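For reference, the structure is listed below as structure tokens.
The values are calculated or read from the model by the stated rules, or taken from the named source; none is laboratory data. Keep in mind that what you see is a predicted model, and the values were worked out from it rather than measured. Virtual Cβ from ideal backbone geometry, glycine too; neighbours counted across all protein chains shown. Heavy atoms of the whole protein, side chains included, go into the accessibility calculation; ligands, DNA and RNA do not. Shrake-Rupley method; radii C 1.70, N 1.55, O 1.52, S 1.80 Å.
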Amino acid sequence: MQRSIAVLSLACLAAACGDSSGDGDASSGDTTADASASMTNADDAPSTGDDGPSDDDATTDDPTTDTGPIPTCGDGAPDLGEVCLQPPVAYAMGLAPADLVLGDFDGDGELDVATANQDDDTVSVRLGSGDGTFGAEAVYGVGTDPVALEVGRFDAGTDDDLVVVNRGSGDVSILLADGAGGFAPATTEIVGTTPVDVAIGSFNSVDDSDDDIVVLSPADGQYTVLLSNADGTFVASGPFDTGVLTPATIVAQSFNSVTDDFFDVFVLGGGNYCGDPGDGTGALADSCPAPGVVAAANIVRATTTRFDGGATWDIALVEDMNDRVLFLPGNGGAGFQQIGANVAADPSDVFAIDVDGNDVRDAVVAHRGDDSVGIVPFDGVAFDGLLEFPAGMGPSAIKAADLDGDTIPDVVTANAAGDDITVLLSDP
């Protein structure tokens with residue numbers, strides 16, 4: 001398989017658009033494509049570079065060997081193994097955005113973006129246009145020190161709602177979509193001391209049309225489940241012990257799919273994880289007598305995914321002491337494998353999505369240490385190098401999805417030190 005190395009604008013980096021070694025792999029080890037591009041403000045036209053290299057520029061070690069078509073960024077034709085992103089475009093948000101989500105807040109079928117702004121106790125929302133650009137910022141007040149948020153459906157409406165974790169006030173804010181792209185004033189649900197993370201699931205029925213919420217409070221060593229009444233209000237269940245000495249992040253999904261479809265909860269932190277199976281009634285079994293061990297020293301963020309599109313759910317995580325990304329493929333209830341790779345300095349968040357077209361999800365990582373986005377291609381067995389692209393200042397959260405309708409994932413980061421988000425559109 002040919003793989004192109006990190007590409008910016010419409011031009012590929014020198015010697016980076018194909019396999020010139022003849023071994024089917026354009027990189028070896030933890031190769032990093034050192035990319036540079038200037039930040040583009042959303043009010044300015046994005047740089048388009050040139051039309052990319054011509055066929056005459058393509059070279060191989062053996063010119064008599066036909067290695068097939070060489071992936072070329074910017075030609076409009078996505079190729080297998082191609083990883084191409086345009087220069088980042090910045091949009092101002094609130095002060096120190098700590099987390100971001102993508103959702104459809106106005107029911108138009110296009111993805112919108114929201115951030116939890118830690119330093120001014122607000123949420124910023126920009127509606128997506130469907131072409132990779134976003135509209136004017138709308139601002140909503142929430143609790144004190146918002147550090148995380150998630151998208152869900154908490155009432156009978158058809159648009160996505162928001163839940164925001166307020167570390168300073170020890171509660172969550174619920175923002176219900178008003179059907180026109182805005183949100184009703186926030187309501188509050190009390191949770192544990194200094195909550196830091198949130199996940200969405202359906203804990204009291206596998207067929208619920210509304211979502212429940214689970215909130216992690218490390219200072220208590222506990223998490224709380226908020227069961228939805230389908231009208232924007234909730235009933236608390238728990239709290240439940242995390243089973244982890246230094247809990248940092250929480251995920252929810254039906255991991256025990258061999259025996260049931262109920263949502264389960266996993267808490268991760270330090271170098272450990274604990275899983276509590278759900279029973280479909282809203283209760284979680286505190287059934288983690290000994291935490292699982294992860295090849296990580298300080299887990300900071302995790303997400304759920306299906307790496308190969310299969311039936312079992314997996315976990316992706318980043319840890320910032322050894323600067324690693326880990327994929328934990330699940331086996332439907334009997335534990336996890338562990339597959340790791342080095343990334344750049346101080347990773348803050350991870351998202352899993354197929355970037356290079358091989359039908360296996362890759363790791364997309366935010367790096368605070370060098371203000372970059374890292375893409376770590378995954379072939380279903382092992383990682384294959386690190387590709388870096390510039391982001392904003394101090395990226396704190398990352399998501400990826402098709403924002404412009406070309407079916408190729410685009411990347412969005414929240415940048416705590418820049419008070420903005422940056423959007424890196426695909427450039428097939």
In whole Å, what are the Cα extents of the range 207-262 along the three principal axes, biggest one first? 34, 32, 15
Taking only the Cα positions of the range 254-369, the convex hull volume per residue in Å³ is 99
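Percent of accessible area on the range 80-172 owned by carbon and sulfur, 1.4 Å probe? If you can, show how the numbers build up before the last one.
On the way: 1280 of 2770 Å².
Roughly 46 percent of what the probe reaches on the range 80-172 is carbon or sulfur.
Pull out a ≥ b ≥ c, the square roots of the eigenvalues of the alpha-carbon gyration tensor of the range 350-428, then state rounded if a/c is under 1.5, prolate if not and a/b is larger than b/c, and oblate in the remaining case.
Numbers: a/c = 2.41, a/b = 1.40, b/c = 1.72.
Oblate shape, in that a/c is at least 1.5 and b/c is the bigger or equal ratio.
Can you tell me what share of the DSSP beta bridges in the range 213-302 is antiparallel? A percent to the nearest 5 is fine.
Beta bridges within the range 213-302, antiparallel portion: roughly 100 percent.
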What whole-number value in Å² describes the accessible area per residue of the range 140-213 for a 1.4 Å probe? 35
Sticking with the crude label model, points 7 Å out along Cα→Cβ, report the distance from Asp379 to Asn229 in nm, one decimal please. 5.5
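Compute the length gained on full extension between Ala297 and Asp261: take 0.36 nm times their separation in residues and subtract their Cα-Cα distance, giving the result in nm to one decimal. Each step should come with its number before you reach the end.
Details: separation 36, 0.36 × 36 = 12.96 nm, distance 3.14 nm.
9.8 nm is the gain from fully extending Ala297 to Asp261.
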How are the Cα pair distances of the range 79-137 distributed, in percent, across 5 Å bins from 0? 4, 18, 22, 20, 16, 11, 5, 2, 1
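Tell me the relative contact order for the range 145-300 as a rounded percent, counting alpha carbon contacts under 8 Å between residues six or more apart.
Values: 445 pairs, mean separation 26.0, N = 156.
It comes to 17 percent, rounded to a whole number.
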Report D for the range 110-219 in µm² per second (integer): Stokes-Einstein, Kirkwood Rh on Cα pairs, 20 °C, 1.002 mPa s. 150
Can you give me the accessible area per residue for the range 382-428, using a 1.4 Å probe, in Å²? 23
If only Cα atoms are counted, what is the Rg of the range 200-328, and what is its Dmax, in Å? 14.4, 44
Distance between the range 236-298 and the range 168-223 - C-alpha centres, whole angstrom: 17
In Å², what does the accessible area per residue of the range 245-377 work out to with a 1.4 Å probe? 35
